[in-house]
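Here is the structure we will look at, set down as structure tokens.
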Amino acid sequence: MTQSDIMTKVARAAKALGACAKTDYAQNIEYMAELFFSPQGREFCLRLGYPGIELWREIKTHTPDLEKFGIYVDAGNIAVKANEFLALIGNTYASVEVSGCDVLHHIIAMHKAFAVVTATDHAVIATEAGDDCTIEINTYNGSIAL
């Protein structure tokens, strides 16, 4: 199965759950990540727990550079300096550092992921997490969590 096949599978299943027509064009990981991190995508995926952990694992298998898009699946213990978007999924236990006020930092946790976020230098953070996830936030130097 190719990466394109996986993206088609993800898009079809999302459509079956009521996703918008934008998923019809999701043929590559770049576009799929863009949809996932959009406000509507985050809401849809977190509300439905979609994709499920097994499908995330399938995506990871066929997308070895998934972390390049800010998505970490079953990454174990990691330390990450977050940019604008970060998704922690499955068996991922992250120490996350965010800094600066250039962007709103979005951190998402799904499928039992755990994160400790340290925000400095006026960083603004928005977190969203599934019921089975934990995100702990520590703010310093004028940083805030929404």
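The values are calculated or read from the model by the stated rules, or taken from the named source; none is laboratory data. Note that this is a predicted model, so its numbers are computed, not measured. As a convention, Cβ positions derive from the backbone with ideal geometry for all residues, glycine included, and neighbour counts pool all protein chains shown. Protein only, heavy atoms only, side chains kept; ligands, DNA and RNA dropped before computing areas. Shrake-Rupley method; radii C 1.70, N 1.55, O 1.52, S 1.80 Å.
Relative to the longest principal axis of the Cα atoms of the chain, the long axis of helix 53-62 lies at roughly 80 degrees. Computed from phi, the 3J(HN,Hα) profile of region 89-97 under the Karplus parametrisation 6.51, -1.76, 1.60 (θ = phi - 60°) reads 9, x, 6, 10, 10, 10, 9, 10, 10 Hz, with x in place of Gly and Pro. With a cut-off of 10 Å between beta carbons, the residues surrounding Asp24 carry a summed charge of +3, where Lys and Arg count +1 and Asp and Glu -1. Counting only residues at least eight positions apart within a chain, or on another chain, the aspartates and glutamates with an alpha carbon under 12 Å from that of Lys60 are Asp74. Describe numerically, in nm with one decimal, the distance between label points set 7 Å from Cα along Cα→Cβ at Lys68 and at Ser4. Placing both labels 7 Å beyond Cα along the Cβ direction yields 1.8 nm. In this simple spin-label model, placing a label point 7 Å from the Cα along the Cα-to-Cβ direction at both Asn91 and Asn77 gives a separation of 1.4 nm.
Here the accessible area of region 67-146 is 47 percent carbon and sulfur, with a 1.4 angstrom probe and all protein chains present.
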